[in-house]
Amino acid sequence: GVETERGFVKVDEGYHTSVPGIYAIGDVIGPPLLAHVASAEGINLMERLAGQNPPPIDYDNIPGCTYCQPQVASVGLTEDEEMERFNACSCRTIYMDVIPKADVIKETRGAFKMVIHPRNSKILGVHIVSPNAADLIHEATLAVKFGLTIDDIIDTIHVFPTLSEGIKRAAQAFT
């Protein structure tokens, strides 16, 4: 008797299904189909059931990663999504060969792409193809979540040499 839509269980913001007392989280409720999302939904649901009032999960700033060689990681808007929203694109791509650490480890395949708001320079999305991209995406996730600008990233000192300099270099590409 649980209602579904396009093969997924329908839930409200509190993970209630159409049947009282039955809740659903994770892959059964639909994308993003990621283990860390299901875990966050589970924690959110348990807090609700314990009488707390947690904020709803913001699905716009959830990082994802594909474990291939090199890894692919992403958070926030893509270039196409920015075009749909703003009818403009403010995007920059830098390639791994400009990152000193990539040269040191002899892995120059890949790129960092940053998508920013066309009027206020807030970071809306970051997309990385790089060794350890899953580890690198978290700075970008915080930038998207907290509305940081490219200047916030540029003004932050990054350890040298590291692959995470790619995020700073992508921000610098706008200036």
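The values are calculated or read from the model by the stated rules, or taken from the named source; none is laboratory data. The structure presented is a predicted model; accordingly, all values stated were derived computationally and were not measured. Cβ atoms come from the backbone with ideal geometry, glycine included; neighbour counts cover every protein chain shown. Accessible surface areas use protein heavy atoms only, side chains included; no ligands, DNA or RNA. Shrake-Rupley method; radii C 1.70, N 1.55, O 1.52, S 1.80 Å.
A dipole drawn for the range 88-175 from +1 and -1 charges on Cβ atoms has a positive end, and of Ile137, Gly147, Ser90 the residue lying farthest that way is Ser90. If the limit is 31 Å between Cα atoms, which of Lys101/Lys122; Lys10/Lys122; Lys10/Lys145 go over it? Too far apart for the 31 Å limit: Lys10/Lys122. Accessible surface area normalised per residue over the chain is 57 Å², counting heavy atoms of protein chains with a 1.4 Å rolling probe. Treating each Cα of the chain as one equal point scatterer and applying the Debye formula with no solvent, the log10 of I(q)/I(0) at q = 0.09 Å⁻¹ comes out as -0.39. With distances taken between every two different alpha-carbon atoms, the range 60-138 has a Kirkwood hydrodynamic radius of 13.0 Å.
Here the contact order of the chain, divided by its residue count and restricted to Cα pairs under 8 Å and six or more residues apart, works out to 17 percent. In the chain, the longest principal axis of the Cα atoms and the axis of helix 133-145 are about 70 degrees apart. Each peptide among 65-72, 153-160, 116-123 gets the average number of other Cβ atoms lying within 10 Å of its residues, and from highest to lowest they stand as 116-123, 65-72, 153-160. Of the solvent-accessible surface of the range 1-72, computed with a 1.4 Å probe over protein heavy atoms with every protein chain present, carbon and sulfur atoms account for 56 percent.
Take each peptide in 80-90, 51-61, 127-137, count the other Cβ atoms within 10 Å of every residue, and average; sorted highest first, the result is 127-137, 80-90, 51-61.
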